[in-house]
Each structure stands twice: as structure tokens, then as C-alpha cells.
Amino acid sequence: MSHPLEPGPHESVQVIKQRRDAALTSLVNGVPYISFLGVKFDRRGDELTAVLPFDDKHIGNQMLPALHGGATAAFLEISAVIGLSWKMLWNDIESGEMAAGIALPRLPKTIDFTIDYLRTGLPRDAYARARVNRSGRRYASVHVEAWQDNRQRLFAQATGHFLMPQRGE
């Protein structure tokens, strides 16, 4: 009898969704700081939206109040790393080569990460999406945009360069 998350000749949508969810959960659980900040990921097919639910611990300036720049930076970098990893693993997840229980490859390592703080992050939920500009065997470039109430009104954006893990690492 085959494992319930292994591909079959006529995989159900539910099996595919379970495999995608298991891979995303493994990625996210590999970085304890993600759960400390409370970052979640909304997955729609191959697209991920990172969600930073509001929490008082994210406030840096209580007088305004405003999101702390470090919390914003961490949120953007987490979005970039998980988004890049998700894109890197997508074909393996879809083909069924990445079965449940198989260790995921290491996460990309940050080479540099530049953040543009465009406006004050307000005390409310924040969202971010990463777009991979270039991804090769050794190097990747990612752009991330973060917003709160209006997708067209960014409060921060970042560009990062990452060293990609080699297959088998």
C-alpha cells in the first residue's frame, strides 16, 4: 500500500493540497523566529502571501504607535526567504518527488538585504509578497513588497540577494 501523500496515477486535489501544505509547514517550522513573530502564510496555488498579524510586541514607538523597523525588516526577509524556497521547491512538490517526511533542502542564505521604509507601519495586520527576479544554481535576487490596508500603498519594500543551497545540502 502506498503512502497517502505519495503521487498516484490519478491524484486527488486533496492529496496535492496536503502535499503542498506539508511542504510549506516544514519550511516555516524550520525557522523558529517565524513563529515568534507570528508570521503566517496564505497559499493560493504557487503564490504565497505572508501575513504579520498585529501584536503589541511589534510596536517600536508607543507614542505614534508604529511598527518597529526591526519587526518590519524581519517580516520582509522572512517573506523573501520562504517565497524563494517555495519557488525553488515547487516543481518537486508538484511532481510528487517531495514526499511527506523527506527532509527539505537548506534555506537560502542572505548575502545582502536592502529595505526601503516608505511610510509608517500602522498598528494593524501587514501583508507581503516576494517576487523572484532571478534564480540560478548559486545566486538569487528577490524583491518584496509590504502593505497593510491597500495593496497599492506600500509601507515598505526590500531587495535581497541570496546564496542558494546546492542539491543534497
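Couple of notes before you dig in:
- Computed over the chain: relative contact order in percent, which uses C-alpha pairs under 8 Å that are six or more apart: 23
- Computed across segment 34-118, the Kirkwood hydrodynamic radius from all distinct Cα-Cα pairs reaches 14.8 Å.
- Between the helical axis of 13-29 and the longest alpha-carbon principal axis of the chain there is an angle of about 50 degrees.
- Set of aspartates and glutamates with alpha-carbon distance to K17 below 20 Å, sequence-local pairs under 8 removed: E6, D42, D46, E47, D92, E94, E97
- Volume of the convex hull of the chain (Cα atoms only), normalised per residue: 121 Å³.
- For S12 and K40, the FRET efficiency from 1/(1 + (r/R0)^6), where r spans their Cβ atoms and R0 equals 30 Å, is about 0.75.
- Gaussian network model of the chain, springs between alpha carbon atoms under 10 Å - residue of E77, E145, E94 with greatest fluctuation: E94
- Potential extension, N61-D149 segment - 0.36 nm per residue separation minus Cα distance: 29.7 nm
- Gain on full extension, evaluated as 0.36 nm per residue between W90 and K109 minus their Cα-Cα distance, stands at 5.0 nm.
- Degrees separating the helix 69-95 axis from the principal Cα axis of the chain, which is the longest one: 20
- Residues of type lysines that K109 reaches as a straight line, Cα spacing below 20 Å, ignoring anything fewer than 8 places off in the same chain: K87
Values quoted throughout were computed directly from the atomic coordinates according to the rules given, and no laboratory measurement underlies them. Small disclaimer: the values here were computed from a predicted structure and weren't measured. Please note: Cβ atoms are built from the backbone with ideal geometry, for glycine as well, and neighbour counts cover all protein chains shown.
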